[in-house]
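The values are calculated or read from the model by the stated rules, or taken from the named source; none is laboratory data. Computed from a prediction, not measured in an experiment: that's the story for all the values here. All Cβ positions, glycine included, derive from the backbone under ideal geometry; neighbour counts span all protein chains shown.
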Amino acid sequence: MTILLALLSGLMWGAADYFGGSASRRAPALLVVLISQAAGWTFVILTAWASGGFSAPTGYLPWGIAAGLAGAAALLLFYRALAIGAMGVVSPIAALGVVVPVGIGLLTGALPSMLSVAGIAVAVAGVVATAGPGRGGAHGVRHRRSVLMAIGSAAGFGLVLAAISRGSASSTVMTMVVMRSTSVPLLVVVAAISFRSGLRPAVRQILRTPRLVGIILVCGVFDVGANLLFGIASHGGALAIVAVLGSLYPAGTVLLARVLDEERLSGVQNAGVVAALAGVAMIAAGS
């Protein structure tokens with residue numbers, strides 16, 4: 001059951017990334033992130049209420065706030081990168097956020113295993129290959145921008161993982177509640193400012209497209225659902241095994257992009273994707 005839950009969490013993360021990226025190609029990334037985060041916020045609050053997990057602010061509060069700030073920035077970069085770049089390139093790069101907790105461990109005196117060190121090397125090589133020219137040798141500005149945004153989102157996601165890990169020592173579900181309670185109001189403020197400077201037509205377009213709204217809502221629920229499944233799995237089995245299975249979520253995004261969007265990469269980029277995924281798995285297994 002633990003392995004099944006971990007695999008399901010990876011599949012749900014991958015699906016959330018695909019749906020979020022698809023929606024961001026038809027609507028501003030800011031609105032996609034805001035709506036999906038609000039959907040996830042509602043889901044988390046209902047989950048905390050139903051499970052009796054609500055508790056007074058303790059050690060989880062500062063880490064939940066930090067995760068919310070980093071997560072909002074990371075998602076904005078990530079969905080924008082998915083919108084302008086190839087999902088098969090962006091998603092594996094963003095998954096390299098697991099390097100951040102390893103780096104924090106180095107600074108605090110926790111040396112990584114040799115497997116993690118090897119995984120970092122393999123993952124970096126994969127990023128370099130994945131960021132190379134696409135099919136036909138094309139290497140446009142949009143591709144370079146999407147790679148840079150994906151790298152930025154990886155750093156943000158890594159900080160989120162580190163913050164959630166610290167906050168979960170007190171309460172996992174409340175760390176997530178505080179995280180979304182921080183990111184959603186922040187995104188509302190940013191959206192309100194952008195609304196006055198030209199975002200209004202995009203809002204009207206989304207409201208006139210129920211299918212698009214549904215895709216964004218599914219994205220938000222899948223993202224939160226994946227977090228919950230991963231948390232349950234990590235308590236029920238070996239963390240190393242669960243982390244390996246969960247960290248393979250880009251495979252789901254790449255597969256959906258290939259099947260549904262007929263997205264094709266060059267041979268070098270395909271090799272880079274495989275290397276990046278292998279590196280992520282090695283880092284997770286060695287941590």
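Evaluate the following for F195: is it within 18 Å of S36 (Cα to Cα), aromatic (F, W, Y) and out of contact with any Gly (no Cβ under 7 Å at 6 or more places or on another chain)? Judged against the criteria, F195 is a match. Contact annotation: residue pairs with Cβ atoms under 6 Å, 6 or more positions apart or on different chains, pairing a residue in region 220-244 that is under 21 Å from D17 (Cα atoms) with a partner that is at pLDDT below 75 and surrounded by fewer than 22 Cβ atoms within 10 Å (Cβ to Cβ), are A233/T2; V242/S234.
With respect to the conditions (1) at pLDDT 85 or above; (2) crowded, with 22+ Cβ neighbours inside 10 Å, M87 lacks only one, and its number is (1).
The set of residues in region 96-116 that are outside any loop (DSSP other than H, G, I, E, B) and at pLDDT below 80 comprises V98, V99, P101, V102, G103, I104, G105, L106, L107, S116.
Out of all the residues in region 6-27, which are farther than 27 Å from R208 by Cα and among the hydroxyl-bearing types (S, T, Y)? Correct list: S9 only. Inside region 21-56, residues that are free of Cβ contacts under 8 Å to residues at least 40 places away in the same chain and either closer than 11 Å to V178 by Cβ or of a type in the set (G, A, S) (or both) make up a count of 3. Put simply, of L255, L199, L245 the only residue that is at pLDDT 75 or above and touching a helix residue (DSSP H, G or I) at 6+ places or on another chain (Cβ under 9 Å) is L255.
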